[in-house]
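Notes for the one structure printed next.
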Amino acid sequence: MYQYFQPVQIFSQLHQQYDFIWQFETDARYTGHLYHFLEQATAFAKQQFRLHPWERNSYFYIPAVHGTWDEFKNTVDHCMVNLPTVWGPMPVEGPNVSKEAHFLSPKPTAEIETCTWGLGEEADVITWLPQFNPANTGWPMRDVIYGFTEGQGIPRRSSPVAMSRLSARVLHMMHTDLAEKGLGLGSEMSPTSWALYYGLKSVQIPQPVYHAQE
């Protein structure tokens, strides 16, 4: 139940020639050139650094409020000075991160400048809306949690709706943890949370969002 990405996991297992898979809901509509849109989204994600991605991803980027994208990034970085942030995997009970170590991107070291870590790296998860911590929110699927001993205390991120680009790597991890350990989260929490647990690159794509006056 609430496992909309499970068919994508199975597809990835059966068709391992694909490094990345786009998942869209059937009611999605785009009036422009979709191929160009996806190419631009992929290129944007590849240019994002690993410094404070979860903090950036949690915002709606609004140019009239935040200024240019570089100004927005600098504001987030400034707000995070001397505050804890996530570098690499966030350990939780259940997923065996060490078992999957050969899949992981490197953590920052003295040889890797933290300000440029991740530049040019493909994103394992690309979403269209913010990636936020659903705990203590009114989002109805925030507590759809299976198999985790930490229960509602498990760290997690969500990004409704169930439309994203996912790497074969993150799909493999989601599939293995679900099939072998019974670990699962509500659909829109799954890709972003597994990226969080295993230290994978996850990016929200800023885009125009319009609301009808009614």
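The values are calculated or read from the model by the stated rules, or taken from the named source; none is laboratory data. Note that the structure is a prediction, hence the values are computed from the model and not measured. Reconstructed Cβ throughout: ideal geometry from the backbone, glycine too, with neighbour counts over all protein chains shown.
Within the range 187-196, can one find any residue that is modelled with pLDDT of 95 or more, touching a Leu at 6+ places or on another chain (Cβ under 8 Å), β-branched (Val, Ile, Thr) and surrounded by 24 or more Cβ atoms within 10 Å (Cβ to Cβ)?
Within the range 187-196, none of the residues are modelled with pLDDT of 95 or more, touching a Leu at 6+ places or on another chain (Cβ under 8 Å), β-branched (Val, Ile, Thr) and surrounded by 24 or more Cβ atoms within 10 Å (Cβ to Cβ).
Sort out which residues of the range 47-76 are out of contact with any Lys or Arg (no Cβ under 9 Å at 6 or more places or on another chain) and part of a helix (DSSP H, G or I), and write them in order of number.
Glu55, Pro63, Ala64, Val65, His66, Trp69, Asp70, Glu71, Asn74, Thr75
Could you say which residue among Thr31, Thr26 is at pLDDT below 95, assigned to a loop (DSSP other than H, G, I, E, B) and over 27 Å from Arg156 (Cβ atoms)?
Sole residue among the options that is at pLDDT below 95, assigned to a loop (DSSP other than H, G, I, E, B) and over 27 Å from Arg156 (Cβ atoms): Thr31.
Name the residue that is surrounded by the fewest Cβ atoms within 10 Å (Cβ to Cβ), counting only residues in the range 77-90 that are touching a residue at least 24 places away in the same chain (Cβ under 8 Å) and in a loop (DSSP other than H, G, I, E, B).
The qualifying residue surrounded by the fewest Cβ atoms within 10 Å (Cβ to Cβ) is Thr85.
Between Leu119, Leu200, which is buried (at least 21 other Cβ atoms within 10 Å of the Cβ), at pLDDT below 95 and in a loop (DSSP other than H, G, I, E, B)? Full working, then the answer.
Details: Leu119 fails: buried (at least 21 other Cβ atoms within 10 Å of the Cβ).
The conditions single out Leu200.
Outside any helix (DSSP H, G or I), within 17 Å of Pro95 (Cβ to Cβ), modelled with pLDDT of 95 or more and not β-branched (Val, Ile, Thr): is that true of Leu166 in this structure?
Considered against the rule, which asks whether it is outside any helix (DSSP H, G or I), within 17 Å of Pro95 (Cβ to Cβ), modelled with pLDDT of 95 or more and not β-branched (Val, Ile, Thr), Leu166 comes out as yes.
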